[in-house]
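> Next up is a structure, given as structure tokens.
The numbers here are math on the coordinates, done by the rules we state, and not lab data. Remember, it's a predicted structure, so these values are computed and weren't measured experimentally. Positions of Cβ are generated from backbone atoms using ideal geometry, with glycine treated the same way; all protein chains shown enter the neighbour counts.
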Ligand SMILES: NC(=O)c1ccc[n+]([C@@H]2O[C@H](COP(=O)([O-])OP(=O)(O)OC[C@H]3O[C@@H](n4cnc5c(N)ncnc54)[C@H](O)[C@@H]3O)[C@@H](O)[C@H]2O)c1
Ligand SMILES: [Zn+2]
Ligand SMILES: [Zn+2]
């Protein structure tokens, strides 16, 4: 099968032939239909986060089940599925405690001495974030995908696989935004726009979107923002403090920079919560004034929207089909696998929402 391979940090992905194994007892072989291009892939390409190489990247996808292992119970051949990198074991303290997205159980991966899921000319090819979606087929653990209703278009379903689950989940699950509360979202890419959309769905009051690119204003407002601040020419902290007379109840950082993480904290009011979604490069620290904790302000991480994806993703599909989740407008362009590097170039310009790779293209 064809797959986009990262061989060396800082180099473009190469489209290569890669072999995929047969499903083990609890594994599912999926024909990839669509894969979104998320900024997290770019962090690994640029080396801000390490990964063993060579690796097939991609982690935001939807497809059709081709084949399942003997013990698989939740999906069957022919099912439409969304994948999720939050593969969960089901019985560790995080899973049993209801926080499956924090599971770090090893058993959803193949053992080190077992044949790898992906190979090339007999050598190992590393699987990325339990998925490796930039490939015509994926071989994943049963607990890394969920079946969805067959009337859901799979290009839009793919976006739910990471960016939309992450953004909407950060609002609904991590920070538990209540109707009428105020929200600020820094970064209006795929993740930030989904957070804005999630805030609108839960009935947040003022929803303030912030981006460096003025091109994002129209998009952000379309997704539900009530206000837009262009951070290229306005101090977003001062602007948010002024608009809300003292700071928002919830802020969401969806960029991945020290500076924007610190801004996220500085723009919440007393009793507010700053949620850091962006992947801040390893080695960097985030600094905030200590006295501000006296106002019961909180600074917390949000991983994959604190999802319980087997129930959350089908609900997000229902939201889309009911017209509440604006996935049509999240797709800026549909491309073939061979154009994957162009999608990263576009992403760096900060003007588009999401590129989606279509595998029949
Ligand atoms: N925590 C998680 O589980 C999780 C999941 C998915 C993605 N992420 C991370 O979330 C971040 C956003 O991902 P994405 O795919 O939406 O990225 P993206 O590249 O599509 O969007 C980022 C946006 O931030 C804007 N931006 C850049 N610098 C800014 C600044 N100083 N102030 C305001 N806006 C600025 C850009 O113009 C762009 O619109 C990335 O760091 C990604 O790795 C985290
Ligand atoms: Zn992602
Ligand atoms: Zn677990």
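> Quote the FRET efficiency, to the nearest 0.05, computed for residue 74 versus residue 270 with a Förster distance R0 of 35 Å and r equal to the Cβ-Cβ distance.
0.20
> Quick one, can you get me the convex hull of the C-alpha atoms of segment 40-79 expressed as volume per residue in Å³? Spell out each step's value before the answer.
Working: hull volume 4.8 nm³, N = 40.
It is 119 Å³ per residue.
> Turning to a different aspect of this structure: Please list, by residue number, everything in segment 227-269 whose backbone N is under 20 Å from a paramagnetic label point 7 Å out along Cα→Cβ of residue 291.
237-238, 241-242, 246-248, 262-269
> In which sequence would 186, 335 go, from the one with the fewest C-beta neighbours within 10 Å to the one with the most?
335, 186
> Also, quick follow-up: In the Gaussian network model of the chain, springs joining C-alpha atoms below 10 Å, which of 112, 55, 195 carries the largest mean-square fluctuation?
112
> At 7 Å along the Cα-to-beta-carbon direction for both residue 104 and residue 91, put a label point, then send me their distance in nm to one decimal.
Rounded to a tenth, the inter-label distance reads 2.1 nm.
> Also: Using alpha-carbon pairs under 8 Å, 6+ residues apart, how would you state the relative contact order of the chain in percent?
Relative contact order of the chain: 18 percent.
> Now for a separate question. Using 1/(1 + (r/R0)^6) with R0 = 51 angstrom and r between the beta carbons of residue 7 and residue 315, what's the FRET efficiency to the nearest 0.05?
Here the calculated transfer efficiency is 0.85.
> Run through every distinct alpha carbon pair of segment 29-163 and return the Kirkwood hydrodynamic radius in angstroms, one decimal place.
Kirkwood hydrodynamic radius for segment 29-163: 15.4 Å.
> Cα-based Rg (one decimal) and Dmax (whole number) for the chain, in Å?
When restricted to Cα atoms, the chain yields Rg and Dmax of 19.8, 62 Å.
> Can you give me the angle between helix 309-321 and the longest principal axis of the chain, using Cα atoms only, in degrees from 0 to 90, rounded to the nearest 10?
70
> Any idea what the relative contact order of segment 176-301 is, in percent, if you count C-alpha pairs under 8 Å spaced at least 6 apart? Walk me through the numbers on the way to the answer.
On the way: 275 pairs, mean separation 27.8, N = 126.
Averaging sequence separation for qualifying contacts and normalising by length gives 22 percent for segment 176-301.
> Suppose we keep just the DSSP beta bridges with both residues in the chain; what percent of those would be antiparallel, to 5? List each step's numbers first, then the result.
On the way: 32 of 59 bridges.
That works out to approximately 55 percent antiparallel.
> Let me have the 222 nm mean residue ellipticity of the chain computed from DSSP H runs of 4+ only, each contributing -39500 (n - 2.57), with the sum over all residues rounded to the nearest 500.
Values: 10 runs with 82 residues, N = 361.
Mean residue ellipticity at 222 nm (helix-derived): -6000 deg cm²/dmol.
> Could you work out how far apart the two model spin labels at residue 53 and residue 360 are, taking each label as a point 7 Å from the Cα in the direction of the beta carbon, and quote it in nm?
About 3.5 nm separates the two model spin labels.
> Mind pulling the angle between the C-alpha long axis of helix 190-201 and the longest principal axis of the chain? Nearest 10 degrees, somewhere in 0 to 90.
That works out to roughly 60 degrees.
> Two-decimal Rg/Rh of segment 1-97 from alpha-carbon positions, Kirkwood Rh?
Radius of gyration over Kirkwood radius for segment 1-97 works out to 1.00.
> Once the mean 1/r over all distinct Cα pairs of segment 146-231 is inverted, what Kirkwood radius in angstroms do you read off? Please report the intermediate quantities before stating the final value.
Details: mean 1/r = 0.0765 Å⁻¹.
Hydrodynamic radius (Kirkwood, Cα only) of segment 146-231 equals 13.1 Å.
> Next question. Which of 243, 53 has the fewest other C-beta atoms within 10 Å, and how do the rest follow up to the most?
53, 243
> What does DSSP give for segment 176-301 in terms of the percent of beta bridges that are antiparallel, rounded to the nearest 5?
On the way: 0 of 21 bridges.
That works out to approximately 0 percent antiparallel.
> Just the Cα atoms of segment 195-276: what Rg and Dmax do they give in Å?
So, for segment 195-276, Rg and Dmax equal 11.6, 32 Å respectively.
> Measure of size requested: the Rg and Dmax of segment 194-347, with Cα atoms as the atom set and Å as the unit; please supply both.
Computed over the Cα atoms of segment 194-347, radius of gyration and Dmax are 16.7, 52 Å.
> Label points 7 Å out from Cα along the Cβ direction at residue 64 and residue 149: separation in nm?
In this crude label model, residue 64 to residue 149 measures out at 2.0 nm.
> Rg/Rh for segment 112-261 to two decimals, with Rh computed the Kirkwood way over all alpha-carbon pairs.
That ratio equals 1.10.
> Next question. Subtracting the Cα-Cα distance from 0.36 nm times the residue separation, let me have the gained length for residue 21 to residue 232 in nm, one decimal.
Additional length available on full extension: 71.1 nm.
> Please arrange 60, 346 by how many other C-beta atoms lie within 10 Å of their C-beta, fewest to most.
346, 60
> Then there's this: Quote to one decimal, in nm, the extra length available between residue 112 and residue 176 on full extension: 0.36 nm per residue of separation minus the C-alpha distance between them.
Additional length available on full extension: 19.2 nm.
> What is segment 297-352 by shape, rounded, prolate or oblate, if you read a ≥ b ≥ c off the alpha carbon gyration tensor as root eigenvalues and call it rounded for a/c under 1.5, prolate for a/b larger than b/c, and oblate otherwise?
It is oblate, given that a/c is not under 1.5 and a/b is not larger than b/c.
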